[in-house]
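Asks: Sharing a structure below in structure tokens format, with a few things to ask.
The values are calculated or read from the model by the stated rules, or taken from the named source; none is laboratory data. Bear in mind the structure is a predicted one, so any value in this text is a computation, not a measurement. Glycine also receives a Cβ, built like all others from the backbone with ideal geometry; neighbour counts cover every protein chain displayed.
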């Protein structure tokens, strides 16, 4: 992934953020991201919003890192990427009691 980020001229700060996000995702599930998919991404997003209580912009950055990993680096075509696009509405819905 690092090579792909550098090849596309991502900034050092973005690169660090993306690598950190992927590390946290893998650690949360205790598995390599290659063994995970769309359902795990959605669960991770909910975890970040509800349990970690991260700001929507922070979660959006983490989701961007995961989209990059799965789409650009791993070339995964089995994930509906449109369903993974983070939005303010999704954040508000996920933070409401009884949602998801």
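Asks: Read through the list (1) surrounded by fewer than 19 Cβ atoms within 10 Å (Cβ to Cβ); (2) within 14 Å of residue 38 (Cβ to Cβ); (3) modelled with pLDDT under 90, then give the number of the only condition that residue 86 fails.
Replies: Here residue 86 clears every test but (1).
Asks: Give the residue that is nearest to residue 28 (Cα to Cα), with candidates limited to residues of segment 44-58 that are in contact (Cβ under 8 Å) with a residue 40 or more places away in the chain and surrounded by 18 or more Cβ atoms within 10 Å (Cβ to Cβ).
Replies: The residue in question is 45.
Asks: Do we have residue 27 as over 21 Å from residue 80 (Cβ atoms) and part of a helix (DSSP H, G or I) here?
Replies: It is true that residue 27 is over 21 Å from residue 80 (Cβ atoms) and part of a helix (DSSP H, G or I).
Asks: Moving on to the next point. Could you tell me how many of the residues in segment 16-39 are farther than 16 Å from residue 75 by Cβ and either modelled with pLDDT of 95 or more or over 14 Å from the mean Cα position of the chain (by Cα) (or both)?
Replies: Here the count works out to 15.
Asks: Same structure again: Only residues that are surrounded by fewer than 15 Cβ atoms within 10 Å (Cβ to Cβ) and not in a helix (DSSP H, G or I): list them for segment 30-43, please.
Replies: Taking segment 30-43 first, the residues surrounded by fewer than 15 Cβ atoms within 10 Å (Cβ to Cβ) are 30-32, 34-35, 37, 39, 43.
Matches in segment 30-43: 30, 31, 32, 37.
Asks: Can you report the number of residues in segment 2-13 which are crowded, with 16+ Cβ neighbours inside 10 Å and part of a helix (DSSP H, G or I)?
Replies: Pass one, segment 2-13, residues crowded, with 16+ Cβ neighbours inside 10 Å: 5, 10.
Restricting the remaining residues to those that are part of a helix (DSSP H, G or I) gives 5.
Looking only at that region, the number is 1.
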